[in-house]
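**Student:** Provided herewith is a single structure, encoded as structure tokens, for subsequent inquiry.
What follows draws every value from the coordinates through simple rules; no lab data is involved. Keep in mind that what you see is a predicted model, and the values were worked out from it rather than measured. With ideal geometry, Cβ positions are generated from the backbone for all residues, glycine too; neighbour counts draw on all protein chains shown.
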Amino acid sequence: MKRLIYLFDQRLNLITLLLLFWALFWCLDGFDKFIDSNTEILFDKWASRGSVVDANNNVVYTIQPLNNVGWFGVNYADQMASYFKTIHVPRNVAIGLTYTFAVFEILTGFLFLILFAWQLLPDERKDRRNMLTDRTLHRLAYKSSVILFVILSIAYQIFGDRTRLWEVGTYMLMTLIAYDMWYRTDRFMLDMRRKRLAGIDDDDDTNSVQASAYSLRDKRQKESDSR
């Protein structure tokens, strides 16, 4: 049980969880644009916005709201078309630009998903020289995220939607913070592995890379005291 807990701790470290978060974020946001909801009238009495009564106070007509019914609850086709209509862009062009942007979101999400899967592989993967081990794809994924948020920021400024602009700015800040957390944690893990390969650690297989990192100094101190 202890060994299983250490294995879980090692594989699902902070880097892995960050990559999984952004993989889900971009994939869901991209596919969301291809799955439009249907607009239906909500006939439930509790949703009524008002009513018309006759001279005898009998309700003859109720005002019922429209409700988006679907997986994501948003009709992106109509929403984007209304945005682009403010700058006199035809609906078919607006939909095409929306789907093109969604494809890039999905590609970015899949890139993060690849990085997440790579993190779950054994440590020996770091001995192979490629764009994963030198962190090229990692940096590309975060840069792609920033580029997408920059495009959205410019778009919402043009459309005059300050609320969505604030949301995009918040997500961009989250991306920069996540990148900093990834970079610092990755540097720590690589340094920890170099120490283990150099024999500084006690080579206890029951310890994960993260757990053993906090006892390195104590281990070396014990060894020097024993001598």
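**Student:** Could you give the length gained on full extension between TYR99 and THR133, defined as 0.36 nm per residue of separation minus the Cα-Cα distance, in nm?
**Tutor:** Values: separation 34, 0.36 × 34 = 12.24 nm, distance 3.24 nm.
That pair, TYR99 and THR133, stretches by 9.0 nm at full extension.
**Student:** Let me ask another. In what sequence do ASP191, ASP186 fall when counting other Cβ within 10 Å, fewest first? Walk me through the numbers before you get to the answer.
**Tutor:** Details: ASP191 11, ASP186 16.
The most exposed by this proxy come first: ASP191, ASP186.
**Student:** Roughly how many debye, to the nearest 20, is the charge dipole of the range 95-164 about its Cα centre, given +1 on each Lys and Arg Cβ, -1 on each Asp and Glu Cβ, and no other charges? Kindly include the intermediate steps, with their values, before the conclusion.
**Tutor:** Details: 9 positive and 6 negative charges, 32 e Å.
Magnitude of the dipole: close to 160 debye.
**Student:** Skipping prolines and chain starts, which residues have an amide H placed within reach, meaning under 5 Å, of the one on THR62, given they are 5 or more residues away or on another chain?
**Tutor:** Sorted by chain and number, the residues that satisfy this are VAL52.
**Student:** Another question, if that's okay. Which ³J(HN,Hα) values, rounded to whole Hz and listed in residue order, are derived for the range 80-93 from phi using the Karplus coefficients 6.51, -1.76 and 1.60 in 6.51 cos²θ - 1.76 cosθ + 1.60 with θ = phi - 60°, glycine and proline given as x?
**Tutor:** For the range 80-93, the Karplus curve yields 5, 4, 5, 4, 5, 5, 5, 10, 6, 9, x, 4, 5, 5 Hz.
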